[in-house]
Amino acid sequence: MDLHVLDHVCQLLNQRRADNLPTIPVSINLSPSDFNIDSFIDQVLGITQKYQIPHNMIQFDLMTQPVAVDQQRLKDAAANLRKQGFRICLDRYGGENNDLSTETLLEYNFDYLKVDVRSFNTNRQRAKIILASVINMSRLLKIVPVVKGVEDQAMLNFIRSLGIMLTQGRLLAKEMPEEELSQERDNFESVEERALFSGFNHINVLDPYLETRDRLDNNFENPRPNSIFIVQSQQAKLVYCNSAFRSWTGCVGMTKRSGNT
């Protein structure tokens, strides 16, 4: 990212505010090489301070997975940006440039994960399972999923069923020249709507137990009684049960020998 881009974006946001137009969050692409700029964080802070732009109005999209030599420097810089109130998004899952790795998810804290669905075919059950699993994983990691590349109604219907609130794609809105965007007044959500939908973004509708347990803060067990039996020669052998099942069997007076049929 050329820092002049950030300066230009902040200038536009400042002008919208002066014209009494809705102030909208803006995403700016970053690459690991941007953090090699001397005093990069200080320059970012200086630009936003010059135009008095709240940091939560700027989102930095990391466009590629960091290589080993850049990792510690990038990790520190990304953490510093988040500490300053900026939002960080990993923009690299799916599509032609899939850079998502286990190490990236383990070592970095992101606010958002962009999932490119242009390579997913909603007519294939396997594709639906993979996409739903990625969305569920993102939610469990406390990362808000953003679906990009939505270009047909079938895909939009499917991702809505997954509880996705943030989407991008030509089906929803095509590219717009800066001159038209600068005058746009009616098609942006209000501050109140943004706050409401921000809360929705953190709800994992794929987890049927979200109201009873935060599984990352406790454990991964199903909070409802769950067990597996092998039935052979008119005998049922318990091979797995969770703590909820053990508690339930104790409440109803069952013993280990009660498994015999």
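Annotations
- Listed here are the strands (runs of 3 or more DSSP E) enclosed by the range 1-109 that have at least 2 residues being polar (S, T, N, Q) and either in contact with a Gly (Cβ under 8 Å, 6 or more places away or on another chain) or at pLDDT 85 or above (or both): 26-30.
- Matching option when the condition is out of contact with any strand residue (DSSP E or B) (no Cβ under 6 Å at 6 or more places or on another chain) and modelled with pLDDT of 90 or more, among LEU196, LEU156: LEU156
- Filter result (at pLDDT below 80, among the acidic types (Asp, Glu) and open to solvent by 70 Å² or more (accessible area, probe 1.4 Å)) within the range 165-193: GLU178, GLU179, GLU180, ASP186, GLU189, GLU192, GLU193
- Residue within the range 108-117 that is of a type in the set (Val, Ile, Thr) and surrounded by fewer than 20 Cβ atoms within 10 Å (Cβ to Cβ) present: no
- Tabulated pairs, the range 232-245, first among the aliphatic types (A, V, I, L, M), second in a loop (DSSP other than H, G, I, E, B), C-beta under 8 angstrom, 6+ apart or interchain: ALA236/THR261; ALA244/GLU221; ALA244/ASN222; ALA244/PRO223; ALA244/ARG224; ALA244/PRO225; ALA244/ASN226
- Residues (of a type in the set (A, V, I, L, M, F, W, C) and open to solvent by 50 Å² or more (accessible area, probe 1.4 Å)) located in the range 11-61: LEU12, ALA18, ILE37
- Among the residues of the range 187-207, those identified as of a type outside the set (A, V, I, L, M) and closer than 24 Å to HIS8 by Cβ are ASN187, PHE188, GLU189, ARG194.
- Residue list for the range 146-164, restricted to those being among the basic types (Lys, Arg) and open to solvent by 90 Å² or more (accessible area, probe 1.4 Å): ARG160
- Of residues in the range 235-260 being charged (D, E, K, R) and part of a helix (DSSP H, G or I), the one modelled with the lowest pLDDT: ARG257
The values are calculated or read from the model by the stated rules, or taken from the named source; none is laboratory data. In this text the structure is predicted, and so the values were computed from the model without any measurement. FYI the Cβ positions are ideal-geometry reconstructions off the backbone, even for glycines, and counts take in every protein chain you see. For accessibility, only protein heavy atoms count, side chains too; no ligands or nucleic acids. Shrake-Rupley method; radii C 1.70, N 1.55, O 1.52, S 1.80 Å.
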